[in-house]
Structures are given as structure tokens and as C-alpha cells.
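The values are calculated or read from the model by the stated rules, or taken from the named source; none is laboratory data. Computed from a predicted model, the values in this text were never measured in an experiment. Please note: Cβ atoms are built from the backbone with ideal geometry, for glycine as well, and neighbour counts cover all protein chains shown.
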Amino acid sequence: MDKQKIFCIILLILSVVAIVYACIFPLATWIVYLIAIVFIPGFVLALGLLTMAKPRKEDAEERVKEPFTGY
Amino acid sequence: MNLMIDILVNVIIAFLAGSLILGLHRKIMARVQLRPGPPIVQYLLHSLKFFFKESAIPRTASMPFYVGIVVILAVVWIIGVIVGPVSHGSLLILFGVYAIYKIVEHNAGSSSGSPYGKMSCVRAVLSAATELPLFAAIALIYFKTGTMNIGEIIAYQGAHGPLALSIPLAALMFFILILTKSPYSPFAITKAKELITGFETEHFGFLRGFLMFSESIAWYVMLWLFLTIFFGPLSAIWYVVGMIVITFITGFVNATTPLLNPNHSVMTQITIAGACFVGTLLMIFI
């Protein structure tokens with residue numbers, strides 16, 4: 001498993017746990033705001049990086065050059 | 001309701017409602033231009049679809065900023081939801097949110113490595129002047145109501161009637177800001193067609209979906225804010241009606257108006273803002 005996937009899984013689990021914890025247990029207002037501001041975007045980021053399709057190995061090099069090769 | 005659940009519900013409503021309203025906006029523009037246009041739900045479907053599309057990071061992109069700026073945009077608008085619909089906090093924080101949005105436009109363009117993105121980034125700096133109408137509108141609301149707290153502004157309007165009737169030129173100034181931020185606006189110099197999609201050109205695949213997620217929330221928060229601070233305490237039905245009416249107006253204007261060149265765009269907005277600011281001051285103090 002590559003580093004990015006491990007990072008995404010950890011971030012996803014951490015986000016879900018933090019959000020669910022704040023939903024169940026009463027916390028100080030500023031902590032709830034902090035959890036919302038950090039972990040909602042974190043959750044979407046981790047989910048997106050996990051769900052996105054990756055280029056095939058033989059196409060990977062070509063993809064990173066797209067679409068402004070040589071700029 | 002638990003605060004976290006309240007925030008989650010508001011973020012989901014903002015995303016879904018914002019996406020549908022932006023879809024409606026495209027539909028209205030298409031119908032005005034005698035095209036059938038995409039279904040209203042298309043914007044929402046696109047946002048979700050991009051999360052499963054093949055994504056790659058261009059070699060010319062500046063990492064980790066290229067990805068980080070997309071997260072910052074989401075952070076900015078989740079703060080917008082918290083300060084607006086959730087806590088009815090200070091207008092000054094929302095002004096800060098708009099200012100950071102301009103920074104996001106600038107840095108998303110510059111981090112991409114694309115010439116279109118960089119050109120859009122330069123225009124984002126130029127168009128920062130258009131945040132002046134927002135600050136002026138906030139100042140005028142303060143002169144009139146004596147507060148910058150959204151909750152207190154709602155209470156003020158409950159007692160004295162909508163601010164749109166007492167300071168209509170400030171409402172017009174704020175509406176010009178909404179028009180500026182609407183898709184295909186005559187003032188949308190950072191996403192002009194000659195720049196492809198401007199600062200978003202190189203953000204494709206999942207990152208584009210993430211940007212669209214944040215932009216849906218942004219559009220919802222802007223419409224919510226306009227309706228709240230100028231039309232007072234409203235029920236959910238009136239918010240829906242108000243958002244649809246504003247979307248019809250901006251859609252019609254954008255469909256029938258050519259894109260202004262950058263200098264004309266900025267000067268037009270500043271001129272309208274200046275006239276409205278002086279006019280409103282005269283209405284308040286004379």
C-alpha cells in the first residue's frame with residue numbers, strides 16, 4: 001500500500017471519529033468549531049483521494065505532462 | 001440540537017441547495033439564450049462524478065499548495081456556514097472569508113503552473129478592488145443598525161422593517177457583489193472564457209469536484225447572507241423563494257450581458273459602489 005493511501009485512510013478514520021464524537025458528546029463550542037473546520041474538509045479530501053481513479057502505470061508519465069507540456 | 005449536528009446539517013443543506021441553485025442558474029441562462037440547457041441537477045451530479053474521475057497532479061504544479069489551496073477553499077466556506085446560518089455571528093468575519101476567497105483564487109492560479117491559471121491569478125489581484133463594495137455595505141449596515149452581529153441585525157429588522165427598504169442602495173451594492181460571484185458574470189474576469197476556467201483550469205478530476213463542493217456552499221452562503229441582512233427574519237420557504245428569484249435575476253443578466261474587460265469590470269463596480277455609498281450616507285444622515 002502506498003504512502004498516500006495510508007495517509008488517506010488514517011485521515012478518514014480520524015475525521016469520522018472526531019465528527020461522530022462531537023455529535024455524541026457535549027464539547028466546548030470552540031472545540032466543535034475546530035473539529036468542523038479541520039475535519040469536514042479533511043474527510044472530503046481523504047474520501048476524494050481514495051475514490052478517485054488513478055492513471056494506469058504506462059499512462060502515468062503522460063498524465064502529469066498534460067495538458068501544458070513544456071510550459 | 002447538538003452543535004456539531006447543526007453544523008453538519010447546514011453544510012449538507014448548503015452543498016445540496018447551492019448545487020441545485022447553480023444548476024438552475026445554468027438552466028435559466030440556457031433558456032434565455034434559446035438553448036435547452038443541462039438538467040438542473042447536473043451541477044450536483046458533476047460535483048459527485050468528479051470524485052471518481054482519474055486525477056493526476058501536473059508536473060508544473062507547486063505541491064503541496066496545489067492540493068492545499070482546495071482544502072483551504074473548503075475551510076473558508078465551512079467557516080462561512082458556521083458564522084452565517086449556524087451561529088449568526090459577525091459580518092466582519094464573513095468579510096474576512098470573502099477576502100480569503102480572493103487569496104484562494106490568486107493562489108490556485110499561481111500554484112497550477114498553467115499560463116491560464118497565472119493570468120487568472122493576476123486578474124484576481126486586480127479584482128480584489130471589488131471587495132470594497134462589500135466592506136462599504138457592511139459599514140453602511142453598521143451606521144444604520146449600530147451592530148455588525150447578524151443575529152442583532154435580524155432583530156433590528158424584526159422591529160424596524162427590512163433594511164432593503166431603508167437602505168436600498170446598500171442592498172444594490174451587495175447585489176452587485178453577488179452578481180460578480182455568479183457564474184458567467186459580466187464581472188467574472190478571473191474565469192473569462194479566454195482563460196478556459198481561469199484559476200481552476202489545472203484542477204481537474206477529484207480536485208475539481210472538491211472545488212465545486214466548496215463553490216456550491218459559497219453560493220448558498222452568499223445568497224443566505226444577502227437575504228438575511230437585507231430582508232430580515234425569514235422562514236425557510238421565503239429563503240427558497242428569495243434564492244430562486246436572485247438566481248433568475250443573475251441568470252438573466254449574465255445570459256444577456258457580455259463579459260467586460262478587466263479594467264472596465266473593476267471601474268464599473270467601484271463606480272456603482274461609490275454612488276451607492278454616497279447615496280446611502282445621504283439617506284441615513286440627511
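Brief remarks follow.
- Tally of residues being more than 26 Å from B:GLY205 (Cβ to Cβ) and either of a type in the set (Ser, Thr, Tyr) or away from chain A (no Cβ under 14 Å) (or both) across region B:1-56: 7
- Put simply, of B:GLY37, B:GLY68, B:GLY89 the only residue that is over 29 Å from B:PHE252 (Cα atoms), surrounded by fewer than 19 Cβ atoms within 10 Å (Cβ to Cβ) and more than 20 Å from the chain's Cα centre (by Cα) is B:GLY68.
- Identity of the residue in region B:221-256, of a type in the set (Gly, Ala, Ser) and crowded, with 21+ Cβ neighbours inside 10 Å, that ends up modelled with the highest pLDDT: B:GLY251
- Note on region B:31-126: enclosed helices (runs of 4 or more DSSP H) holding 1 or more residues that are at pLDDT 90 or above are B:42-49, B:65-81.
- Only listed residue being touching a residue at least 24 places away in the same chain (Cβ under 8 Å), surrounded by fewer than 21 Cβ atoms within 10 Å (Cβ to Cβ) and in contact with a Cys (Cβ under 7 Å, 6 or more places away or on another chain), chosen from B:LEU260, B:LEU179, B:LEU172: B:LEU172
- Any hit, region B:98-105, residues being surrounded by fewer than 18 Cβ atoms within 10 Å (Cβ to Cβ), farther than 27 Å from B:ASP6 by Cα and basic (Lys, Arg): yes
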